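To start, the structure under review is shown below, and the notes come after it.
The values are calculated or read from the model by the stated rules, or taken from the named source; none is laboratory data. All figures in this text were calculated on a predicted structure; none of them were measured in a lab. Cβ placement follows ideal geometry from the backbone for every residue including glycine, while neighbour counts extend to all protein chains displayed. Protein only, heavy atoms only, side chains kept; ligands, DNA and RNA dropped before computing areas. Shrake-Rupley method; radii C 1.70, N 1.55, O 1.52, S 1.80 Å.
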Amino acid sequence: MFEKYAQKGWYWLLPALMLAGCQTAPTVRLPGAAASAIKTVRIVAVEAPPLEVLPDPLETRMPNYAHEYNMVLALPGTGTAQEAVYRSPGGILIAGKVGQGDSVEIADLSANGDASALSGYWMPTLELASAAEAQLKAAHITADLKPQAARLPIAAGERTAYIGHWREAVDRWYARNAPASLEGAQTADAVLEVGIGRYRIFEGQTSLQVLLKLIDPHTGQVLAKTSKKSLVVGDTAIPALLYPQGERFKASIRENGGRLIAEAMQDIGLTPVRLSALSTP
């Protein structure tokens, strides 16, 4: 019994500890002359890490597993829960526990380098890239959105439920002085890459960190970069956010992510668009 409450007590320390992850460099802003020369932008969404959810939703889906903390032997029909990246209803990828006979589908993300492996999953960075496309067009900049997300630089064997591997991959991508994808980029003045760093739900509070990189497709040099983050505190319980199809959670990411994208593009000097003039798609 003590172990159960002690373990759950650690949840209150986790947000502070996790904030140390996904550290980013200071904002690099475009010089004014360079910004005015950019007329066409290729937008690339970068693969997002799986969503972290605390407390883990397994006990909500399968209440029998709530007794594992108090039992020396697993209850009949439950078995031992495994850590995995799984597809929740609505296609949201979550890193967490999966029980024996669980209703969720374990995702196979091991096909490293193949963007088609992400098809069928909801990718939040594609939603944010769509918001960036709308905002660039509002600023009279021609924008072209790559329809598939570029993969993060992470080994196939590390595409697991261990979030540390994903954070390291995000850091590698953000520090890299080269485009994540050159497909269709050579005809653009710049490539805008949209990524996600911190991405989690904790007791109904949603935290999101948006990362932007603007790259010269011809030289591979990073022209500008920045990060923006938000914490949305609500009274919506985790099951209501993620079920039946995760629409409440997706809507929150679209709304708050669209604002972060607008702020980030203003920070790097790419658009003069004001938040009040924007409508998030």
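Quick notes
- Scanning the range 247-269 for residues that are under 17 Å from Ile38 (Cα atoms), touching a helix residue (DSSP H, G or I) at 6+ places or on another chain (Cβ under 9 Å) and open to solvent by 10 Å² or more (accessible area, probe 1.4 Å) yields Gln266, Gly269.
- Between Ser103, Ser130, the distinction of being assigned to a loop (DSSP other than H, G, I, E, B), among the polar types (S, T, N, Q) and either under 21 Å from Ile253 (Cβ atoms) or touching a residue at least 12 places away in the same chain (Cβ under 8 Å) (or both) belongs to Ser103 only.
- Residue match in the range 189-196 (condition: open to solvent by 10 Å² or more (accessible area, probe 1.4 Å) and more than 22 Å from Ala84 (Cβ to Cβ)): yes
- Flag if Gln148 is under 17 Å from the mean Cα position of the chain (by Cα) and open to solvent by 60 Å² or more (accessible area, probe 1.4 Å): yes
- Top-ranked residue of the range 225-246 - restricted to ones that are in contact with an Asp or Glu (Cβ under 8 Å, 6 or more places away or on another chain) and not hydroxyl-bearing (Ser, Thr, Tyr), ranked as surrounded by the most Cβ atoms within 10 Å (Cβ to Cβ): Lys228
- Taken together, Leu212, Leu231, Leu242, Leu192 contain a single residue that is within 13 Å of the chain's Cα centre (by Cα) and either of a type outside the set (Lys, Arg) or over 30 Å from Arg29 (Cβ atoms) (or both), which is Leu212.
- Only residues that are within 20 Å of Thr271 (Cβ to Cβ) and open to solvent by 20 Å² or more (accessible area, probe 1.4 Å) were counted in the range 200-213, giving 0.
- From the options Ser103, Ser119, Ser181, Ser110, residue that is hydroxyl-bearing (Ser, Thr, Tyr) and either over 20 Å from the mean Cα position of the chain (by Cα) or under 13 Å from Pro49 (Cα atoms) (or both): Ser103
- Qualifying residue in the range 153-165 (condition: hydrophobic (A, V, I, L, M, F, W, C) and surrounded by 23 or more Cβ atoms within 10 Å (Cβ to Cβ)): no
- Selection of the range 214-245 for residues being assigned to a loop (DSSP other than H, G, I, E, B), of a type in the set (S, T, N, Q) and under 21 Å from Asp267 (Cα atoms) yields only Gln221.
- For the range 172-213, the set of residues classified as in a strand (DSSP E or B) and among the polar types (S, T, N, Q) consists of Gln205, Thr206, Ser207, Gln209, listed by residue number.
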